[in-house]
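Enquirer: Below is the structure I would like to discuss, written out as structure tokens.
The values are calculated or read from the model by the stated rules, or taken from the named source; none is laboratory data. Only a predicted model underlies this, so the values are computations on that prediction, with no experimental measurement involved. A quick note on method: Cβ atoms are made from the backbone with ideal geometry, for glycine too, and the neighbour counts reach across all protein chains shown. The protein model used for the area step is the full one, side chains on, heavy atoms only, and it has no ligands, DNA or RNA in it. Shrake-Rupley method; radii C 1.70, N 1.55, O 1.52, S 1.80 Å.
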Amino acid sequence: MHIRPFAAVRPNAGDAALVAAVPYDVVDTAEAKALASGNPKSFLHVSRPEIDLAPGTDCSSPEAYAQAKKALDALVSNGTLLRDPEPKFYAYRQTMGSHSQTGIVATFDTQDYLAGILKQHEKTRKDKEDDRTRHIETLQAHTGPAFLTYRDDRAIDEIVRAACREAPLYDFVAPDGIGHTVWEIGAASSCMADELVELFARIPVAYIADGHHRSAAASRYAKERNFEGESRWFMAVIFPASQLKILAYNRYVADLNGLSDDQFLAKVAENFKIGEKGERNCRMYFRGKWTDLSWSIPADADVVSKLDVSYLQDRLLAPVLGIGDPRTDARIAFMGGIRGDAELQSKVDSGEAAVAFAMEPVSVEEMMSIADAGAIMPPKSTWFEPKLRSGLFVHTV
């Protein structure tokens with residue numbers, strides 16, 4: 001696969017902690033507005049520009065894209081964001097409690113994406129692709145990195161370790177307690193940069209962990225411009241697979257599809273052992289208490305059918321609760337495991353949901369195996385944590 005250094009537009013050292021923001025798609029408008037309140041340097045003014053427009057403004061409206069461009073230009077003009085004088089690679093470490101992961105910030109070839117060298121495990125939605133494509137077109141920039149992974153390589157690890165022994169460009173702890181540290185790996189003209197390019201050229205495939213819509217939109221934008229210049233390349237952070245942490249992606253459903261409580265439990269018992277732990281498990285919150293559900297994997301199950309989320313969908317959500325397409329059915333909602341059982345439970349206790357399911361996390365190896373098989377995981381199967389911060393790097397196209 002092909003990677004390149006790039007001349008990042010990035011915060012001056014004193015403003016990095018103020019600029020860095022959670023990804024645009026993990027907060028709604030109200031949450032983004034609260035996080036950016038009193039902080040004109042927050043990158044949420046770029047990634048969620050509707051927070052600075054009239055209440056109710058559509059985040060995918062022309063006004064919102066124009067406001068995003070205005071906000072980005074303001075951060076550059078007032079010196080909050082500066083352009084590096086030459087292309088570079090960067091190392092980016094995130095620390096969450098005892099867990100840390102260190103990736104390489106680079107630009108990646110959209111033609112590798114289109115050729116399947118950068119493998120996907122999720123389907124994308126056209127409306128979300130359209131949104132990200134218009135965002136790139138209006139700002140002439142990739143403002144949020146995709147999150148990639150690859151099977152570990154010792155030589156690449158050593159280059160990253162060497163870079164991390166130097167003084168960092170940024171080192172701060174965000175308000176949510178997650179640490180962010182960035183180092184320069186090497187300018188484009190350096191031997192270290194050349195070696196990284198050569199080493200990644202020997203890596204046969206990489207995997208999109210998070211950022212499927214960003215990757216798809218970048219490829220659409222590049223194709224529209226005949227892959228000329230910087231349009232061909234998109235920004236991502238790539239991590240060794242062994243360092244990644246996947247949390248569960250939980251589900252809650254608004255109603256019981258017309259069933260009484262007892263009818264629902266009887267239907268569940270047809271395919272699950274209730275109150276027992278077994279070969280595979282999830283937990284159900286119903287009638288004010290948590291209960292274990294367990295099952296065995298069918299001998300003829302393929303790589304996707306073996307997933308806990310697949311079994312739950314195929315044996316309970318669809319046939320019992322009537323959730324035929326979880327991508328479009330408004331009766332089901334999803335919650336990243338980082339939010340914990342208490343928040344999932346509150347959805348049921350408040351009456352917003354009738355039942356909730358706490359899943360076990362998918363493994364990184366399962367995700368890669370599914371992508372290698374050319375298969376697609378069910379929606380909302382993986383929740384990667386910690387999330388990459390937006391605003392620490394911008395790639396102009």
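Enquirer: With the condition being open to solvent by 60 Å² or more (accessible area, probe 1.4 Å), I'd like the helices (runs of 4 or more DSSP H) fully within the range 84-187 carrying at least 3 qualifying residues.
Expert: On the way: elements: 110-114, 126-139, 154-163.
Qualifying helices (runs of 4 or more DSSP H): 126-139, 154-163.
Enquirer: Here is a follow-up. Say whether the condition of being assigned to a loop (DSSP other than H, G, I, E, B), open to solvent by 70 Å² or more (accessible area, probe 1.4 Å), at pLDDT below 95 and under 27 Å from Lys380 (Cβ atoms) is met by at least one residue in the range 59-68. I'd like the intermediate steps shown before the answer.
Expert: Restricting attention to the range 59-68, the residues satisfying the condition of being assigned to a loop (DSSP other than H, G, I, E, B) are 59-61.
If we keep only those that are open to solvent by 70 Å² or more (accessible area, probe 1.4 Å) as well, we get none.
No.
Enquirer: Restricting the search to the range 188-208, which residues are at pLDDT 95 or above, aliphatic (A, V, I, L, M) and open to solvent by 10 Å² or more (accessible area, probe 1.4 Å)?
Expert: Val197, Leu199, Ala201, Ile203, Val205
Enquirer: Next question. Given Val76, Val46, which one is among the hydrophobic types (A, V, I, L, M, F, W, C), in contact (Cβ under 8 Å) with a residue 40 or more places away in the chain and over 21 Å from Asp127 (Cα atoms)? Don't jump to the end; show me each part of the working.
Expert: Values: Val46 fails: over 21 Å from Asp127 (Cα atoms).
Result: Val76 is the single residue among Val76, Val46 that is among the hydrophobic types (A, V, I, L, M, F, W, C), in contact (Cβ under 8 Å) with a residue 40 or more places away in the chain and over 21 Å from Asp127 (Cα atoms).
Enquirer: Starting from residues that are assigned to a loop (DSSP other than H, G, I, E, B) and either at pLDDT 95 or above or open to solvent by less than 20 Å² (accessible area, probe 1.4 Å) (or both), keep the ones in the range 309-325 and report whichever is farthest from Leu265 (Cα to Cα). Give the steps one after another, and end with the answer.
Expert: Residues of the range 309-325 that are assigned to a loop (DSSP other than H, G, I, E, B), as a first pass: 318-325.
Next cut, either at pLDDT 95 or above or open to solvent by less than 20 Å² (accessible area, probe 1.4 Å) (or both) only: 318-323.
On the way: Ala318: 15, Pro319: 13, Val320: 10, Leu321: 11, Gly322: 15, Ile323: 17 Å.
Taking the candidates together, the pick is Ile323.
Enquirer: Now for a separate question. Just for the range 1-46: of the residues that are in a loop (DSSP other than H, G, I, E, B) and small (Gly, Ala, Ser), which one is nearest to Ala64 (Cα to Cα)? If you could, list the steps in order and put the result at the bottom.
Expert: Pass one, the range 1-46, residues in a loop (DSSP other than H, G, I, E, B): 1-2, 5, 7-8, 12-15, 20, 22-23, 27-28, 37-43.
Subsequent filtering for residues that are small (Gly, Ala, Ser) retains 7-8, 13-14, 20, 37-38, 42.
Values: Ala7: 27, Ala8: 24, Ala13: 28, Gly14: 28, Ala20: 20, Ser37: 18, Gly38: 20, Ser42: 16 Å.
This residue is Ser42.
Enquirer: Restricting the range 231-246 to residues that are crowded, with 22+ Cβ neighbours inside 10 Å and over 15 Å from the mean Cα position of the chain (by Cα), which is farthest from Ala146 (Cα to Cα)? Walk me through how you get there before you give the answer.
Expert: Initial filter on the range 231-246 (crowded, with 22+ Cβ neighbours inside 10 Å): 232-239.
Within this subset, residues satisfying the condition of being over 15 Å from the mean Cα position of the chain (by Cα) are 232-234.
Values: Arg232: 15, Trp233: 12, Phe234: 8 Å.
Looking at residues that are crowded, with 22+ Cβ neighbours inside 10 Å and over 15 Å from the mean Cα position of the chain (by Cα), I get Arg232.
Enquirer: Report every pair of residues separated by at least 6 positions or lying on different chains whose Cβ atoms are under 6 Å apart, first residue within the range 326-346 and within 18 Å of Pro386 (Cβ to Cβ), second assigned to a helix (DSSP H, G or I).
Expert: Between residues of the range 326-346 that are within 18 Å of Pro386 (Cβ to Cβ) and residues that are assigned to a helix (DSSP H, G or I), the close pairs are Met335/Leu344.
Enquirer: What do you reckon, is Arg220 of a type in the set (Lys, Arg) and either buried (at least 22 other Cβ atoms within 10 Å of the Cβ) or assigned to a loop (DSSP other than H, G, I, E, B) (or both)? It would help to see each step written out before you state the result.
Expert: Details: of a type in the set (Lys, Arg): yes; either buried (at least 22 other Cβ atoms within 10 Å of the Cβ) or assigned to a loop (DSSP other than H, G, I, E, B) (or both): no.
No; evaluated as a whole, the condition is false for this residue.
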